[in-house]
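Encoded as structure tokens, the structure appears first; notes follow it.
The values are calculated or read from the model by the stated rules, or taken from the named source; none is laboratory data. Computed from a predicted structure; not experimentally measured. Note that each Cβ is placed from the backbone with ideal geometry, even for glycine, and that neighbours are counted across all protein chains shown.
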Amino acid sequence: MKTIKSILIVIAGIICFSSCADLDVKPRNMVSDDAVFNSAAGVEAYFAKLYRELPIEDFNYTASDGFNHRYGWQYRPNSGYTGEFISRDIDNCVYEKADMVWSWVYQNVRRINYFINNFEPYKDYFKEETYNHLIGEAYFLRAYSYYALAKRHGGVPYLTEVIDYPDCGYEGTFVERNSEEETWRMIGQDLDMAYNLMGSDKMAPERANRYTAAALKSKVMLTAGCIAKYNTIYHFHKGSDGAPNVQVCGIPADKADEFFKEALTAAKLVEGHASLYKKKFVAGDKEKIRDNLIQCFLDEDNPEILFVRRYNYTDTNHSYDKFMRNRMYPVDGIGSSGCPSLDFVEMFELYDMEGNSLKDENGEFICFDENGEYILWDDRNDPWKNCEPRLKAYVICPGDEFMGKPIDIRRGIYTGPWTPGEHSGIKPLRSKTTWSNYKTVANGGYIVDAGSADGSEKSPYEFEDGTKMTKCGLAGPFNENSESAHTGFSTRKFLVESRTEAAYENKMDQQWIDMRYAEVMLNRAEAEYELFLDGQPEGDLADAMIQINAIRERAGATLLTSVGELTLDVVRTERRKEMANENKIYWDFKRWRILDVLQNKTIYHTLMPFYVSTTSPTSAEGGKWFYDRREDQYHKQFSYNTRYYYHPIPSAEINRNPNLEQNPGF
């Protein structure tokens, strides 16, 4: 670690340099350390600020808008960058555009460092275990903050003393970047300090304990190991003191296994101190398994939680339900802003009631029989009745019940021609790349759909017997403002189904689970598999399979029967399924260095349900359904430039500080 000259900040009695910004704890020329650090209430208030400013990527965060942006989910859910969601306002997968992250994090680091460096004189005011826990918490918060920087920028200035950075422009604040390897190791050292100092109890439900630190270390070290192994972007910077070049982007590949071993050790520390949520779990009962997973994200008395952000209705809150709840329950015409892609749905196990797979050899949903004609279903929900319960806990499929009603997802009404009987006789409607309104289709048939209407009762379709039906489902897909289930699916994860009141902006208060034990188990399995691939004795595939199978059992998925079935793709896919919609997968793709591969000319897919009838909804010849798989209606072809694996350092910092060098490509 390079030595950085620091400028100590004294809260009481000092008039700051006129060029420097306020410490932003309390006005430091008005409030003394004694008023803050000699009482539990004062320290609680100080920590409340530290936690509130922690860069948690929660309901109020998006890559486009930064932290504490309570409207971002309306248009740009983070899962829209990875194919979990399709959102009308996400055109591509790019780096985070919010320059505020750098300044935000360093301002909080300054507060954290002030506490670490100035709290010792007040030790006698607290029990020894309380004092140690508080110091340990501060080390955890510093590590969490630097993790947010390192995963974006690589090597960063790792400040441990109190320095008025980044608010001042004089020479003492011209800090330099640590190497990327050194940055990750120092995060790990801070987490070791946190683990050793903290106790096992939390001082409040949303505050850290030693197992929170271990959980974070398992993720931090796994990330560093992957960067060492998979990164191909390297950048060196020569320090101002003429020292040898510092590798600020990239970690030597021969260090990967050291980090993987540390990740594994940290993950094992959590075992026995957290467990998968299974309060409502009943083995073999798919409905109970689904309900258990739904409740996992809402129950605040949850043994799986390792770190959580809590909200309250009147103060800290979010707008998730308003923007993500299905359009059948809209407020101000807004709903279904981010809809699960078919590509995401196809990762889950899909079976008919006889146990036959509903996916082809390419893993794609089967729409056609051996004659190239649409498969007909008695009910639109039939394909989803025997699917993996975890899918039903995370995604609302056509016809699923939500808030006491079947969700009416329907693209239109097919009026013929078709042949009732063994085969539908309905050939592909249009080319896979054609969306628009179906209307007259390629096989000479006819589709009634809503076009630009909203799926309401405004102009229903009337059958021969006088029965009327909306031209498309009340939940969509329809084209009005794209605020509908435009992929053929809607989201369920995190939503409070029992909430009967209208979902207004900034009125939601369900918790955000930032770290949970399932993620630690996935970290453990991945580290073990990576070590196995590298021929290390710690690469215990039997234990990795135990971790994966425990998560699969809770999810109602098929268990692995031998270690021979375990592959790196299996481990990663399990993570993509389990951690979906939790602002994790984007960072996983980055550390695996596969975002450019997955996003290479990628167009995501949708699945459109159609009602079939020639006379009436109740006739013997009608009442059938078929599905049409096609490309996303927006036809957005995604891509990813590899330079974005390292986010740019804000240009203002580069211009201000001659000792900082920009990341390559910016």
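A few remarks follow.
- Tallying residues that are in a helix (DSSP H, G or I) and without any contact (Cβ under 8 Å) to a residue 12 or more places away in the chain within segment 294-314 yields 0.
- Single unsatisfied condition, G199 versus (1) over 23 Å from Q107 (Cα atoms); (2) more than 25 Å from the chain's Cα centre (by Cα); (3) not in a loop (DSSP other than H, G, I, E, B): (3)
Each row is one residue, and each column tells you yes or no for (1) closer than 30 Å to I396 by Cβ; (2) in contact (Cβ under 8 Å) with a residue 60 or more places away in the chain.
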{"residue": "E505", "(1), (2)": "yes, yes"}
{"residue": "Q511", "(1), (2)": "yes, yes"}
{"residue": "L541", "(1), (2)": "no, no"}
{"residue": "A555", "(1), (2)": "yes, yes"}
{"residue": "L559", "(1), (2)": "yes, no"}
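- Residue within segment 351-359 that is surrounded by fewer than 20 Cβ atoms within 10 Å (Cβ to Cβ) and touching a Gly at 6+ places or on another chain (Cβ under 9 Å) present: no
- Number of residues in segment 366-380 that are charged (D, E, K, R) and within 15 Å of Y414 (Cα to Cα) equals 4.
- Cβ separations smaller than 6 Å between residues 6+ apart or across chains give the following pairs from segment 220-236 residues that are farther than 20 Å from V520 by Cα to residues that are crowded, with 24+ Cβ neighbours inside 10 Å and among the aliphatic types (A, V, I, L, M): A228/I251; H235/V248.
- Failed condition for S619, given (1) within 18 Å of E346 (Cα to Cα); (2) at pLDDT below 90: (1)
- Residue identified as within 23 Å of M403 (Cβ to Cβ) and not aromatic (F, W, Y) among E349, E287, E373: E287
- If you go through segment 585-603 and keep only what is aromatic (F, W, Y) and either surrounded by fewer than 22 Cβ atoms within 10 Å (Cβ to Cβ) or free of Cβ contacts under 8 Å to residues at least 12 places away in the same chain (or both), you end up with Y586, W587, W592.
- Filtered residues of segment 99-118 (kept if at pLDDT below 90, of a type in the set (A, V, I, L, M) and crowded, with 18+ Cβ neighbours inside 10 Å): V101
- Taking the conditions (1) surrounded by 24 or more Cβ atoms within 10 Å (Cβ to Cβ); (2) farther than 19 Å from I289 by Cβ in turn, I548 satisfies each one other than (2).
- Any chance T467 is farther than 30 Å from N292 by Cβ and either modelled with pLDDT under 70 or of a type in the set (S, T, N, Q) (or both): yes
- For segment 634-652, a residue qualifies if it is surrounded by fewer than 19 Cβ atoms within 10 Å (Cβ to Cβ) and either part of a loop (DSSP other than H, G, I, E, B) or acidic (D, E) (or both), and the qualifying residues are Y634, H635, K636, Q637, S639, N641.
- Residue tally, condition under 23 Å from G556 (Cα atoms), at pLDDT 95 or above and among the hydrophobic types (A, V, I, L, M, F, W, C), over segment 354-411: 10
- Identity of the residue in segment 563-597, hydroxyl-bearing (S, T, Y) and at pLDDT 95 or above, that ends up farthest from G83 (Cα to Cα): T567
- For segment 119-162, a tally of residues being over 30 Å from V246 (Cβ atoms) and either surrounded by fewer than 23 Cβ atoms within 10 Å (Cβ to Cβ) or not acidic (D, E) (or both) returns 16.
- Among residues of segment 268-290 being among the charged types (D, E, K, R) and free of Cβ contacts under 8 Å to residues at least 24 places away in the same chain, the one that is nearest to D543 (Cα to Cα) is E271.
- Residue selected from segment 654-663 under the condition out of contact with any Leu (no Cβ under 6 Å at 6 or more places or on another chain) and surrounded by 15 or more Cβ atoms within 10 Å (Cβ to Cβ), by the criterion farthest from G250 (Cα to Cα): N657
- Residue that is farthest from the chain's Cα centre (by Cα), among those in segment 554-584 that are assigned to a helix (DSSP H, G or I), surrounded by fewer than 22 Cβ atoms within 10 Å (Cβ to Cβ) and among the hydrophobic types (A, V, I, L, M, F, W, C): V563
- For T265, the criteria (1) of a type in the set (V, I, T); (2) touching a residue at least 40 places away in the same chain (Cβ under 8 Å); (3) farther than 22 Å from D299 by Cα hold in every case but one, which is (2).
- When each of E501, E462, E497 is tested for being of a type in the set (D, E) and modelled with pLDDT of 85 or more, the lone residue that passes is E497.
- Residue match in segment 214-228 (condition: of a type in the set (D, E, K, R) and part of a loop (DSSP other than H, G, I, E, B)): no
- From the list K217, K268, K286, the one residue that fits, being buried (at least 23 other Cβ atoms within 10 Å of the Cβ), charged (D, E, K, R) and more than 19 Å from L533 (Cβ to Cβ), is K217.
- Test: residue in segment 172-188 that is modelled with pLDDT under 95, farther than 18 Å from L222 by Cα and assigned to a helix (DSSP H, G or I): yes
Listed here are the residues, each with its yes/no results for (1) within 17 Å of N108 (Cα to Cα); (2) crowded, with 18+ Cβ neighbours inside 10 Å; (3) modelled with pLDDT under 50; (4) in contact with an Asp or Glu (Cβ under 6 Å, 6 or more places away or on another chain).
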{"position": "S6", "(1), (2), (3), (4)": "yes, yes, yes, yes"}
{"position": "I14", "(1), (2), (3), (4)": "no, no, yes, no"}
{"position": "S19", "(1), (2), (3), (4)": "no, no, yes, no"}
{"position": "D22", "(1), (2), (3), (4)": "yes, no, yes, no"}
{"position": "K49", "(1), (2), (3), (4)": "yes, no, no, no"}
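- Residue match in segment 178-185 (condition: of a type in the set (K, R) and surrounded by 23 or more Cβ atoms within 10 Å (Cβ to Cβ)): no
- Of all residues in segment 391-412, those satisfying the criterion of being surrounded by fewer than 23 Cβ atoms within 10 Å (Cβ to Cβ) and either touching a helix residue (DSSP H, G or I) at 6+ places or on another chain (Cβ under 9 Å) or at negative phi (or both) are A393, G399, D400, E401, F402, K405, P406, D408.
- Hits in segment 246-293 - residues which are hydrophobic (A, V, I, L, M, F, W, C) and in a loop (DSSP other than H, G, I, E, B): I251, A274, L276, F281, V282, A283
- Odd one out for G539 among (1) assigned to a helix (DSSP H, G or I); (2) out of contact with any Lys or Arg (no Cβ under 9 Å at 6 or more places or on another chain): (1)
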